[in-house]
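Read the figures in this text as sums done on the coordinates, not as results from a lab. Source: prediction; values computed, not measured. Neighbour counts run over all protein chains shown; Cβ positions are idealised from the backbone, glycine included.
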Amino acid sequence: MTRHFLDLTDCGPEGVELIVRSAAQGPSQILRDQSVAMVFEKPSVRTRNSTEMAVVHLGGHPVMIVDAEVGIDTRESAEDVARTLGCFHQSIAARVRDHSAFGRMAQALAKQGSTVNLINLLSDHSHPCQAIADVLTLADEFGGVDGLVGKHVVYVGDANNVARSLAQASLALGASITICAPDDYQFDDATAATLASFARHGATLARSDNPHSSAKNCDALYTDVWTSMGQEQEAQVRREALAQYSITEELVSLAQARAIVLHCLPAHRGEEITNGVLEGSHSRVWQQAKHRETAMYGIFAWLKEAI
């Protein structure tokens, strides 16, 4: 059965660990003589560069395709885009607006008996590649994958696609996580229960609306922009609702002395994080950005069943 990497539920908690351990070993030539179509409905400097260079270092050939060239569900249906690209490439890595497009693409490929892999480079539902990079960064800091057991990560801000995947990956490796957000921007009970099912090694998922009590003695603080692409009309409302959910120097001072700060970037300095924290000694955001490429080594290895 062809593997796809659309959400961390595709690999499960054990698969997350396999991917992270494999990624940390570096690249091998598992994509030799293969090409990867990289479809971007939304732009990203980190996602494009990390994925493209990972494919090259894995021996493959990346082909960049921008929104205007495919026009998913405007110029061509998601199904037709997948079937067309499947004529030329062995994998399709896409950054899409609507997560449901992946399901339709996978179904269309399956009907053709295609073995083309689909990879979610970001959707409105989840950001699984980012989450692998996140836990790789945590592992660097805390003594490897095994060192994450018993650690506590606090996510502050909007409980969004990034927070969803971060929770899954952290829990899978034994790190507890608190999602700190106001009620209207928090995960509902059903979502929280689904995420908690990833927990291993005694890890737990908690929800809170108090950044200060959440941050006390934590090992890592994480945030993301309050307003993502496509939400621009909500920007002012979000700024007001999330104004108290910013990673500041005061918040960092409540965490463990060696706690680290993560942000998937781009950052809106002065909103979800202060410039001083982003540029300060606790920040690991550039190491985290670098690990976007490392993460892809493990993801492709899992897709190609090389681990």
Exercise for the section: Filter the trypsin sites (Lys or Arg not before Pro) in the stretch 15-102 to those in DSSP coil with at most 16 other Cβ atoms within 10 Å of their Cβ, and list the result. Expected result: ARG32, ARG75, ARG97
Problem - Fraction in percent of alpha-carbon pairs per bin - 5 Å, the stretch 1-132 - result: 2, 10, 21, 25, 23, 13, 5, 1, 0
Problem - Exposed-loop-free span, longest in the chain, where GluC sites (Glu not before Pro) count as exposed if DSSP calls them loop and at most 13 other C-beta atoms lie within 10 Å - result: 1-278
Fill in the blank from the handout: Checked the stretch 130-289 against the a/c 1.5 cut and the a/b vs b/c comparison, axes a ≥ b ≥ c from its Cα gyration tensor; verdict oblate
Exercise for the section: Mind checking the full-extension length gain between MET1 and ALA110? Use 0.36 nm per residue of separation minus the Cα-Cα distance, one decimal, nm. Expected result: 38.3 nm
Fill in the blank from the handout: Relative to the chain, whose Cα atoms define the longest principal axis, helix 128-141 and its Cα axis are tilted in degrees, nearest 10, by 50 degrees
Handout entry: Rg/Rg_globular for the chain, with Rg_globular taken as 2.2 N^0.38 Å and Rg from C-alpha atoms
Key = 0.97
Practice task
Whole Å is fine, so just give me how far the alpha carbon centre of the stretch 261-301 lies from that of the stretch 94-150.
Solution key: 17 Å
